[in-house]
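Heads up: the structure comes next, in structure tokens.
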Amino acid sequence: MAYDKTGDLEDLAVLREQLKFIGDTLAGVPDPDPDPVQRGRRLVLALAASVSIGVLGIGGGAYLVANNGRVGGEGEMLLTPEGSVACAKVIAEGTVARVEPLEQEGKLRVVLNADRYYKPDEGRPQVVFTAENEDYFRPGVRMLVLVSQFTDEGPDTYREGDPAPPREAMEGLAGAADVSDALDWGRKWVTEALPGSRGVECTTPG
């Protein structure tokens with residue numbers, strides 16, 4: 001079967017677009033969008049899209065790069081925090097108990113001792129999901145994880161001690177001024193997005 005580079009080229013185009021937006025924001029280039037909440041959301045999505053392609057760390061999820069990483073248009077809900085929460089079958093916080101390599105190269109089974117559930121309201125003592133990057137998922141590390149309802153889609157994770165995104169990315173988020181790290185940011189935006197995610201239909205992976 002011939003290798004089709006179209007998908008890779010599309011990913012690179014998205015990555016270039018998102019990195020340019022991140023660079024412009026950090027450099028103070030004026031944004032034509034006058035809405036600070038929308039600007040903050042765009043920066044969150046840009047950062048997340050970069051993460052999902054492997055630039056900044058671990059990530060991925062239904063709202064990250066759907067609709068070519070742009071806000072607006074068909075599938076807009078998938079580009080929002082509410083859409084990401086809606087597309088998660090489990091959202092939980094806890095400590096990594098163990099990491100087991102799978103037969104598929106680079107794939108890991110991660111077992112999280114969960115002590116707090118966001119979706120559903122309660123669940124089993126352990127959450128098990130498939131991921132990559134063994135150095136990231138170290139036993140003893142505390143994190144919040146969103147496990148997608150789509151089996152071929154990796155988890156969104158927010159680790160304790162990792163840096164939070166720039167303040168511009170959190171505009172409009174309640175309590176943004178008090179965010180201490182990536183885990184705290186994950187807690188806040190997931191909690192804020194939960195009410196609006198109810199009733200949102202999720203049919204398309206990112």
*Work out the length of the dipole vector of region 110-182 about its Cα centre, built from +1 on the beta-carbon of each Lys and Arg and -1 on the beta-carbon of each Asp and Glu, and round it to the nearest 20 debye.*
240 debye
_When the expected Rg is taken as 2.2 N^0.38 Å, what fraction or multiple of it is the alpha-carbon Rg of region 77-205?_
1.04
*Rounded to whole Hz and in sequence order, give me ³J(HN,Hα) for region 116-128 from the Karplus expression 6.51 cos²θ - 1.76 cosθ + 1.60, θ = phi - 60°, writing x for Gly and Pro.*
8, 10, 9, 8, x, 5, 8, x, 5, x, 10, 10, 10
*When Rg is the radius of gyration of the Cα atoms in region 91-139 and Rh is its Kirkwood radius, what does Rg/Rh come to?*
1.01
_Compactness relative to 2.2 N^0.38 Å, alpha carbon Rg of region 164-206_ = 1.33
*Please list 132-139, 187-194 highest first by mean number of surrounding beta-carbon atoms within 10 Å per residue.*
187-194, 132-139
*Mind listing the Cα extents of region 97-168 along all three principal axes, in Å, largest one first?*
40, 28, 26
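Rule-based calculations on the coordinates, nothing more; no lab input. Computed from a predicted structure; not experimentally measured. Virtual Cβ from ideal backbone geometry, glycine too; neighbours counted across all protein chains shown.
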